[in-house]
Amino acid sequence: MSIPALSTPQSDTLLLAPDPIKERLHAFGLPTIFLFTIGVGLLHLVNGVKIGFMFYLLVGAVIYCFGFRLLRGIPAEGHLELTREGLTLIVDGNKRFHRWQDLSRVTLLEKTSQDENGREHVVSHFLAARRLNPDCMDPDGPTTEYVADFLVPIDLYITHHRFSGRTEKQEAACKSAPDLANTVNAWRDFALNLEIGAIPTPIVQTDNRNLRDLARKTSPNEQAKANDTKIAMLDRRRKQAYAALCLHAFCKERDINDPAAQQLITHLLRVLTSANLPEWESAGAVLEVTGRGDPLPTALVERHSDNDLTDFQHLADLCVEVGLVDMYGDCTDQPDQCLSACLSFLETRAIPAPTVAPLATLHNDAKGWGSPISEAAFQRFLGAIRIANQV
């Protein structure tokens, strides 16, 4: 996939806005067709009543406003602004600036649908990216909708005619969805002193029907729902690892740094690399802190309050149960219930839930236990979640 010759950063700013012809069609053309159709339909249905055609158009307008505009919502009005420093999203008058060094490479996310013959067709396009931390595993890797912090629909930007009123550079950037994604990545490469176009734009396809426009500001409740969606997509191996992150978040909040507690957390995270799950489970039974109802070691008890110890043991038992409950039986929903209890435990104690993004970016089978990851991928994962005891 080639980078358009005119899309590379030759100036300080490139402003990309939706195609004005498409905007006018959406704002005026489609409603006009809709209202006219309703008016004609009503005229034929009640042709015995002597009422002017404009009355039916008025009724159509009311139906349109309440049945479409209010229930389906109005697409966000905005544009993208590319500069040498970063990317600015302007949506409904709100500006959100992202520095290039803080953003992953932009992924072209293609939403697909099947026709009556079972063939896949791309029906819409999005730009997706992640916010990076200093130890990010793969800043140039693909971004799915489940881990995206930046998800913007771009179909209205694409021009299929020659009379949009745009400049030559804007036209070059908006000839197609891949051209637009390539343009954004070209500006990022230029700002980060990378060879422009050396790393191709990742392309991900999805049939998810509930894609949200993450260019808009989201409420804490919406963010929590998005996190829940990401957790639900994890396989059992990664859910066990997420439970370990919950225990780590609790220990960090309560200042529990004992080696025995950290050993349990490391063991639970090691499920990600274990090729022999029964052997991994057996190794957990001989730890100083097992999370299986056994007494806590004396050294741990002597350093912390009774309240902290009670909470720690309860949460440790819940976290271990996430992986243990279905270890030797059929797959049930009990691991999800245990993980939900872990999150509720943190919430009632005002401890923020850990981010699921580093886990969601690992290869994930979504069903059953999933496949183990390599040692190298595990070490990168530890760096991403910033856990000090890398083993």
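Annotations for the structure displayed:
- Packing-based ranking of 248-255, 279-286, 182-189, 375-382 yields 182-189, 248-255, 375-382, 279-286, ordered from highest to lowest mean Cβ neighbour count within 10 Å.
- Ordering Cys331, Gly284, Phe312 by Cα displacement along the dipole of the stretch 275-349 toward the positive end leaves Phe312 in first place; charges were set at the Cβ atoms of Lys, Arg (+1) and Asp, Glu (-1).
- Ranked by the mean number of other Cβ atoms within 10 Å of their residues, highest first, the peptides 311-317, 265-271, 167-173 fall in the order 265-271, 311-317, 167-173.
- Per residue, the solvent-accessible area of the stretch 254-328 (1.4 Å probe, heavy atoms of protein chains only, all protein chains present) comes to 46 Å².
- Annotation: amide H-H contacts under 5 Å for Thr273 (H modelled 1.01 Å from N, sequence separation of 5 or more, or interchain): Ile373.
- Computed over the stretch 245-365, the range of Cα coordinates on each principal axis works out to 41, 31, 22 Å, biggest value leading.
- Each Lys and Arg Cβ is given +1 and each Asp and Glu Cβ -1; about its Cα centre, the stretch 231-344 then shows a dipole of about 380 debye.
- Between Phe97 and Ala232, the modelled labels are 3.7 nm apart [label points 7 Å from Cα along Cα→Cβ].
The values are calculated or read from the model by the stated rules, or taken from the named source; none is laboratory data. The structure presented is a predicted model; accordingly, all values stated were derived computationally and were not measured. Glycine gets a Cβ as well: all are built from the backbone with ideal geometry, and neighbour counts include every protein chain shown. Quick note on the areas: whole protein, heavy atoms, side chains included, nothing else; ligands and nucleic acids left out. Shrake-Rupley method; radii C 1.70, N 1.55, O 1.52, S 1.80 Å.
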